[in-house]
Amino acid sequence: MIGIPRRMIPAVFLAGLLGARIAAAQLIPAAELKPETLKAWEEYERLTEKRIALELESNERFLVQDFLPPSEAARCRQTLTAGGVFLYKMQTRIGEGKPITVPDGIIHHWLGTIFLPGVDLPDLLKWIQDYARHAKYFEEVEESRLLARQGDVFKIFLRLRRKKIITVYYNSEHLVEYRLHGPLRVSSKSHGTKIAQLENPGTSREQEKPQGRDSGFLWRLNSYWRFEQKDGGVVVNCEAVSLSRAIPRGLEWLIKGYVQSVPKESLENTLRAIREGFHGRTKASAPKRSEVRHRSQPRLAFARSRLSNRIWPAW
């Protein structure tokens with residue numbers, strides 16, 4: 001009998017462990033979105049949007065980091081100055097700072113922020129609103145389509161792939177609404193109106209599972225965006241809020257990492273894709289930061305005209 005060389009034992013062991021995890025993933029029991037779980041999500045959504053609305057009414061502050069504790073705001077500035085992606089775990093609470101209890105579910109709430117130097121806000125928004133081309137730039141998006149548009153409200157379709165040991169596919173639809181806040185600031189909110197996990201994806205037997213009766217890794221998905229033209233570029237905020245199943249007892253070793261880490265990693269990947277995709281598209285013509293600074297006043301006046309008249313006709 002031929003033995004396995006000792007130097008290969010760690011690799012063989014890891015391969016066997018990975019194979020065992022993938023096989024075990026197929027045995028994860030289905031989860032059901034219960035009314036009490038959905039009720040908790042709706043309360044969390046309501047309070048989150050209430051807080052965001054109040055912040056957007058502020059004349060002096062606008063970006064999410066403007067409302068963070070000073071230590072986190074400083075960390076955000078340092079991260080953006082270094083060209084990184086700032087990530088911060090958020091949590092909406094009720095009276096006296098109590099967390100919202102979510103029976104049989106977990107709400108994931110992350111803030112991500114990037115800075116795009118040398119970028120004009122109208123150009124960035126035009127690129128982002130080209131939803132039919134999102135599959136070209138975003139790794140998790142396999143297919144993207146604009147289903148309808150009415151003014152500043154977009155209805156879009158995204159076929160999503162989320163992968164980390166376990167790979168899960170979804171057909172999803174989202175309602176995205178943009179709003180102008182003066183000449184240099186824009187916000188948007190995106191509500192997932194349909195999230196259907198796919199069974200047998202990529203085969204002739206592909207079909208959607210009933211919504212709310214699937215693996216439970218993604219039941220709801222909202223995102224709240226803020227864009228501000230400043231410091232010779234654009235600062236982009238995204239609060240991503242999603243709902244997943246609770247982790248079944250005894251299966252923590254298998255799906256805890258997926259359930260808890262994928263929302264954060266997905267947000268980071270999205271922001272990196274925006275930065276790399278947009279800069280890649282405009283690399284040849286992007287002005288130097290010093291040039292943007294010197295001509296910022298006429299360019300921003302032009303941006304105001306473009307934002308007010310072309311993208312947001314009236315609010």
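Data overview
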{"quantity": "Sorted by Cβ neighbour density within 10 Å, fewest at the top, the residues SER223, SER71", "calculated": "SER71, SER223"}
{"quantity": "9 Å beta-carbon shell around ASN222, net charge (K/R +1, D/E -1)", "calculated": "-1"}
{"quantity": "Only Lys, Arg (+1) and Asp, Glu (-1) charged, at Cβ; the range 31-311 dipole about Cα centre in debye", "calculated": "700 debye"}
{"quantity": "Peptides ranked, highest mean first, by Cβ atoms within 10 Å: ranges 145-152, 176-183", "calculated": "176-183, 145-152"}
{"quantity": "Net charge contributed by nearby residues that have their C-beta within less than 12 Å of ASN171 (K/R +1, D/E -1)", "calculated": "-2"}
{"quantity": "Separation in nanometres of the label points that stand 7 Å from Cα toward Cβ, at ARG145 and HIS279", "calculated": "3.4 nm"}
{"quantity": "Segment ARG75-ASP130, length gained on full extension (0.36 nm per residue, minus Cα span)", "calculated": "16.6 nm"}
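Read the figures in this text as sums done on the coordinates, not as results from a lab. Predicted model, so just to flag it, every value in this text is computed and none were measured. Every residue, glycine as well, gets a Cβ built from its backbone with ideal geometry; the counts of neighbours run over all protein chains shown.
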